[in-house]
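What follows is a set of notes on a single structure, which appears directly below.
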Amino acid sequence: VISWTAIISGHARVGDLETAQRLFDSMPERNRISWNAILVASTAGGNLEQAKCLFDRMPELDVVAITTLITAYGRAGHIEQALELFLQIPETDEVAWLAIIQALIENGQIATARSMLDLMPNRSSDLAARTAVINAYARTGQMDRAMELFQRMSSCDAVAWNAMVVACTAAVGAATALELAAAMECEGFLASAITYVGILVACSKMGRIEESRRRFWSVSFDHALEPIYDHYCCLVDVLARAGQLERAEDLVRFMPFVPN
RNA sequence: AUGGGCCA
């Protein structure tokens, strides 16, 4: 049952609900964790009603299953339902708290998110959890706390750095964000495509066209990354803000992405 | 083997 569940989980991760479902239906026995895995596959498929149907038919609902659905509701903009579910959890754990706080933030309910963050108990030193908390502080107007926690982290990864870089642009200033991005590379972390979104947004906020351009090319030349859609958007943004509308328009027309 | 963290 462990092997079957692991394979279902893999298909869930790449969004292949059909295969996940076929395997789930044909596996010889199922336990609570297999049901949770197929629920994840179902939410990843984007059909919330279908996921809710499955949820209602599940033989056992644990905090993992409920948290899965909370996250799905949050991403779909159904924050009331997410909150309702959270209140139904008999024994909340740290992941459940972080999931509802993240959902509140994504749905613009900053004040509530801030209160829940204050109420949240038992904080572990788990890397993802710490980063989630730091990010939540940053997005609820408590950048000082975010910085403090970040500096106290004994180990961190590129995701934590990216979160700080992005948060800095909004809450402190673009120049500080760029300094942080530089510090990140000094510490030996490779800038990822997402780091570059942060860097380009910062350049754009400061109106630095030349630096934006340079950084944009550096994405592929210095880091062997393919520029993603967001990078083109940043470049369009900085050109447009500087009044170079023709150049901005040309870029929209000729970039290798369909503009949204 | 299942849920939570970075992309303006």
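General remarks:
- Pairwise label distance in nanometres, A:I7 with A:D118, each label 7 Å out on the Cα-Cβ vector: 5.1 nm
- Region A:138-228 shape via C-alpha gyration tensor axes, a/c threshold 1.5: oblate
- Extension gain (nm, one decimal) between A:E148 and A:I110, 0.36 nm per residue minus Cα-Cα: 11.6 nm
- Highest to lowest packing among A:121-130, A:237-246, scored as the average C-beta count within 10 Å: A:237-246, A:121-130
- Cβ-defined net charge surrounding A:Q109, 15 Å radius [Lys, Arg +1; Asp, Glu -1]: -1
- Highest to lowest packing among A:30-36, A:150-156, scored as the average C-beta count within 10 Å: A:30-36, A:150-156
- Positive minus negative residues near A:I33 (Lys, Arg vs Asp, Glu; Cβ under 12 Å): -1
- Compared with the alpha-carbon gap, the fully stretched path from A:A193 to A:F221 is longer by 8.8 nm at 0.36 nm per residue.
None of the figures in this text is laboratory data; all of them are computed from the coordinates on show. If you're wondering where the values come from, they're calculated on a predicted model, not measured in any experiment. Neighbour counts are summed over all protein chains in view; Cβ atoms, including those assigned to glycine, are modelled from backbone coordinates with ideal geometry.
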